[in-house]
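One structure is given below, encoded as structure tokens.
The values are calculated or read from the model by the stated rules, or taken from the named source; none is laboratory data. Since we're looking at a predicted model, the values are computed, not measured. Virtual Cβ from ideal backbone geometry, glycine too; neighbours counted across all protein chains shown.
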């Protein structure tokens, strides 16, 4: 298992470097430049390119960027906030997106698993049908629809929550966006948990355990849920990354200063360094999440751990 994890770490590092190289190539062939201001003439544009090292060959710029990145230096913003270190911009915005994303993942996963278990235990009943209906609604409607509805009814009409994000109330003002983002996770987890639990509860070893006198609660939570967790974790992995790195529309609805809106703005104005830094953050988070998921497989199911040990050890 240890060798497997080390191998995956090495592959992950190579993957991140490859992604950065591809991004460099894509940005190289994008139309325009960070200095598209009509007031800037060709000479001034050339001086700016020389100042920021954009006149150097692509491979040289790529190596210089990697060296700087290893020290935590992502360069400076060319357009959005001129000459401001991108690490400073990320320091201000990333924690907000991570906080709301983490809350949404936690809330959605817990509620989804509970709904899935209850629906499986009450198979073909009203509760099961209600859970299925909730899952369909959660998957069918995008998160910004829930955000708008919550903002209108709970914030604007009833005044229970602030309409816009406030740095002075960082927890309280994230409740509505958290709920809006969590709905899709609730629906997805509930659907998978229900189907897996129905299959697990009807399996021979579960019936055998029940016949031996294992308590119902222990049977469900220890034996049943443990076997149902693997597909749930698999589907959660991409959701975790997308939620924790920010949802553009939800951030705009609640005026949340996260990294989702920053990325779109950077693409619109060709702020290369900001695009690269945020893409790097997305890539690292996705790869780390998938690595953790892979390790969790072995923790949850020893058979997977043994199979990996045989294949890689």
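Listed here are the residues, each with its yes/no results for (1) assigned to a helix (DSSP H, G or I); (2) surrounded by 19 or more Cβ atoms within 10 Å (Cβ to Cβ).
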site	(1), (2)
250	yes, yes
256	no, yes
263	yes, yes
267	yes, no
270	no, no
273	yes, yes
278	yes, yes
282	yes, no
286	yes, yes
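What helices (runs of 4 or more DSSP H), lying completely within the range 46-140, carry at least 3 residues that are touching a strand residue (DSSP E or B) at 6+ places or on another chain (Cβ under 8 Å) and modelled with pLDDT of 85 or more? Before the answer, list the steps.
On the way: elements: 58-69, 86-121, 126-140.
Of the helices (runs of 4 or more DSSP H) lying wholly inside the range 46-140, none has at least 3 residues that are touching a strand residue (DSSP E or B) at 6+ places or on another chain (Cβ under 8 Å) and modelled with pLDDT of 85 or more.
Looking at (1) touching a residue at least 12 places away in the same chain (Cβ under 8 Å); (2) at negative phi, which one does residue 43 not meet, given that it meets all the others?
Residue 43 satisfies all of (1) touching a residue at least 12 places away in the same chain (Cβ under 8 Å); (2) at negative phi except (1).
Is it the case that residue 94 is within 30 Å of residue 182 (Cβ to Cβ), in contact (Cβ under 8 Å) with a residue 40 or more places away in the chain and surrounded by 18 or more Cβ atoms within 10 Å (Cβ to Cβ)?
Details: within 30 Å of residue 182 (Cβ to Cβ): yes; in contact (Cβ under 8 Å) with a residue 40 or more places away in the chain: yes; surrounded by 18 or more Cβ atoms within 10 Å (Cβ to Cβ): yes.
For residue 94, the condition - within 30 Å of residue 182 (Cβ to Cβ), in contact (Cβ under 8 Å) with a residue 40 or more places away in the chain and surrounded by 18 or more Cβ atoms within 10 Å (Cβ to Cβ) - is met.
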